[in-house]
Amino acid sequence: MTRAAGISDPPVALEPVGKGNRAAILALELSPAQQGLVASNADSLAEARQDDEAIPRAVVTEGRVVGFLMYSAPDDDDEAIIYRFMIDRREQGKGLGRAAVAKALEEIARLGHVHRVSICYEPENEAARQLYAGFGFVEQGLDEDGEMIAVLELGG
């Protein structure tokens, strides 16, 4: 589904993960074609419990959890890394992914110490490539795991 030019992205919020939204995050689904492209939300939430630098967020619109995002932005580094991001298969094509990435970039920029944001994705994930390129992320090449790394320099 393509949205007409001039239509703004739907309003989304990024909310901390907690007891009130954990089950909804775990119930989110990828399409069958996306299954191998993103780690499961269960694995990501388990990782977040073990990693003090992980910042997990529920993507919420109209009071519903529609996606999941996780990043790190250590205080002693000027780079943040978005390393998990997904929108539920039933909610894709509505502009929610774009709106969520915009919110994440705003949240990261507000931290003040971050000047660069990197993101990685499977090279065959064309939807991710196009989404991130739309924000100005520039592909840097593959990492040791064969994932594409793209970087965005934040202004200011």
Exercise for review: Give the share of C-alpha pairs in each 5 angstrom bin for the chain, from 0 to the last occupied bin, in whole percents, shortest bins first.
Suggested key: 2, 9, 19, 22, 23, 17, 7, 2, 0
Review point. Can you give the Rg and Dmax of region 31-76 based on its C-alpha atoms, in angstrom?
Key: 12.5, 39
Check your understanding: Excluding ligands, DNA and RNA, what is the solvent-accessible area per residue of region 1-139 at a probe of 1.4 Å, expressed in Å²?
Key -> 53 Å²
Practice item. Please report the base-10 log of the normalised intensity I(q)/I(0) for region 88-134, using a Debye sum with one equal scatterer per alpha carbon and no solvent, at each q in 0.18, 0.31 (1/Å). Key: -0.66, -1.21
Practice item. Would you work out what percent of the accessible area of the chain, with all protein chains in place, is carbon or sulfur (probe 1.4 Å)? Key: 49 percent
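The values are calculated or read from the model by the stated rules, or taken from the named source; none is laboratory data. Here the structure is a predicted model, which means the values were calculated and not measured. SASA here: full protein model, heavy atoms, side chains in, ligands and nucleic acids out. Shrake-Rupley method; radii C 1.70, N 1.55, O 1.52, S 1.80 Å.
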